[in-house]
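K.L.:
Next up is a structure, given as structure tokens.
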Amino acid sequence: FTAAISGLDAAHRPTQSNACTPAAGSWSAASAGVSRGRSNTALTSAPDPVLIVGRDGLVAWLRDVAEHGSLRNDLILLAAAHRHTLAHDHVALRELNDLALAFQPSAERHLETVTQGNAFLHAIAAAWACEGLDVAQGALKPDAAYPVAVGAVTALHAVALGPTLQAYGLGFITNLTS
């Protein structure tokens, strides 16, 4: 997924002078009070766990998730939310969030993304509120998809898109294998 996200950052750098800028990693799921938990994407729910044998099998499965599966989708949604937030396009942010929620393949995955998205927004508002956060939260009500919430918050806090995508991807893969 590194190849897919390289080059996205340069054209979309935040220019806010009043943004607080904690490191992207400090907003990882664990430190922000959000946990991806054991989702339907986790290793235990692989299509056929017997087929994932050894290091090579695990690497192949993780590559598929990153290049063709839910991680790829999350990174696309996160990047679009980042761009819409920087452009102050709250209508597009709302529509993107609606799309992200509609794309959830099951009620369980829908519950997972809104629980995490809402918890992430709540934790950020309590610890790192900044100008524009209330407007973004309003665009994402009543429920925020997790990658959309992350994209909006990191844009508001002037965290560059490239490192945000890398941190999100690392956290996603780590949760799959822990």
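K.L.:
What accessible area, in Å² to the nearest ten, does a 1.4 Å probe give for Arg83?
P.N.:
Its heavy atoms expose roughly 80 Å² to the probe.
K.L.:
Separate question: Calculate one ³J(HN,Hα) per residue across segment 61-77 by plugging θ = phi - 60° into the Karplus curve 6.51 cos²θ - 1.76 cosθ + 1.60, and present them in order as whole Hz with x for glycine and proline.
P.N.:
Those phi angles translate into 5, 5, 4, 4, 4, 6, 8, 10, x, 5, 5, 4, 4, 4, 5, 5, 5 Hz.
K.L.:
Go through segment 114-126 residue by residue and turn each phi into a ³J(HN,Hα) via Karplus (6.51, -1.76, 1.60, θ = phi - 60°); whole Hz please, and just put x for glycine and proline.
P.N.:
These are the phi-based 3J(HN,Hα) values: 6, 5, 6, x, 5, 5, 4, 4, 4, 5, 5, 4, 6 Hz.
K.L.:
Report ³J(HN,Hα) in whole Hz for each residue of segment 89-103, in order, from the Karplus equation J = 6.51 cos²θ - 1.76 cosθ + 1.60 where θ = phi - 60°; Gly and Pro get x.
P.N.:
For segment 89-103, the Karplus curve yields 9, 6, 5, 5, 5, 4, 5, 5, 4, 4, 5, 4, 5, 5, 6 Hz.
K.L.:
Would you mind working out the accessible area per residue for segment 127-178, using a 1.4 Å probe, and quoting it in Å²?
P.N.:
34
K.L.:
Give me the percent of accessible area attributable to carbon and sulfur for segment 66-178, probe 1.4 angstrom.
P.N.:
About 60 percent, which is the carbon plus sulfur part of the accessible surface.
K.L.:
Here's another thing I want to ask about it. Quick one: accessible surface of Ile52, probe radius 1.4 Å, all protein chains present, in square angstrom to the nearest 10.
P.N.:
Around 40 Å² of this residue is reachable by solvent.
K.L.:
Run the 1.4 Å probe and let me know the accessible area of Asp143, rounded to the nearest 10 Å².
P.N.:
Answer for Asp143: close to 50 Å² accessible.
The values are calculated or read from the model by the stated rules, or taken from the named source; none is laboratory data. Here the structure is a predicted model, which is why all the values come from computation and not from measurement. Protein only, heavy atoms only, side chains kept; ligands, DNA and RNA dropped before computing areas. Shrake-Rupley method; radii C 1.70, N 1.55, O 1.52, S 1.80 Å.
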